[in-house]
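In what follows, a single structure is set out as structure tokens and then discussed.
The values are calculated or read from the model by the stated rules, or taken from the named source; none is laboratory data. For clarity, every value in this text was computed on a predicted model and none was experimentally measured. Here the Cβ positions follow ideal geometry from the backbone for every residue, glycine too, while neighbour counts run over all protein chains shown. The protein model used for the area step is the full one, side chains on, heavy atoms only, and it has no ligands, DNA or RNA in it. Shrake-Rupley method; radii C 1.70, N 1.55, O 1.52, S 1.80 Å.
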Amino acid sequence: MKFLIVFVALFALAVAAPAAPQAEVQILRSDSDVGPESFKYNWETSDGQAAQAQGELKNIGSENEAISVQGSYRFVADDGVTYEVTYIADENGFQPQGAHLPVAPEA
């Protein structure tokens with residue numbers, strides 16, 4: 001029981017501790033174009049994050065209507081490494097690719 005009380009007290013102190021100051025992140029670029037049947041956007045921030053995507057509606061008005069999106073995003077992780085993912089998202093699902101992602105074996 002004493003362990004639980006000490007643990008809760010230490011947890012409360014950790015939560016109450018002030019966070020280390022972080023540099024303010026600036027938006028370096030932000031563009032978007034959204035229409036009824038397509039969209040595209042891109043943005044980038046001063047801390048190394050970025051994303052871009054474009055999508056379009058396919059088979060409009062049919063039973064097989066679907067959106068198809070291609071894009072990428074980039075971020076700097078807590079380990080200091082910059083990770084980038086490119087992807088396609090369509091009727092076949094979300095299909096990401098990146099140097100840090102495992103590759104499924106060919107069937």
Practice problem: Could you go through the stretch 41-57 in sequence order and give the Karplus-derived ³J(HN,Hα) for each residue, using 6.51 cos²θ - 1.76 cosθ + 1.60 with θ = phi - 60°, rounded to whole Hz, and x for Gly and Pro? | Solution: 8, 7, 8, 8, 10, 5, 8, x, 7, 7, 7, 8, 7, 9, x, 8, 7
Quiz prompt | Rough spin-label spacing in nm, given labels placed 7 Å along Cα→Cβ, for L101 and R74 | solution = 1.7 nm
Exercise. Taking H placed 1.01 Å from N in the peptide plane, check which residues at least 5 places from D47 or on another chain put their amide H under 5 Å from its amide H.
Key: Q26
Practice problem: Count neighbours as other Cβ atoms within 10 Å of each site's Cβ, and list the GluC sites (Glu not before Pro) in the stretch 51-101 that are DSSP loop with at most 11 such neighbours. | Solution: E63, E65, E91
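State in Å² the accessible area per residue of the stretch 30-83; use a 1.4 Å probe, count heavy atoms of protein chains only, and round to the nearest integer. Please list the in-between numbers first.
Numbers: 3640 Å² over 54 residues.
Here the residues of the stretch 30-83 average 67 Å² of exposed surface.
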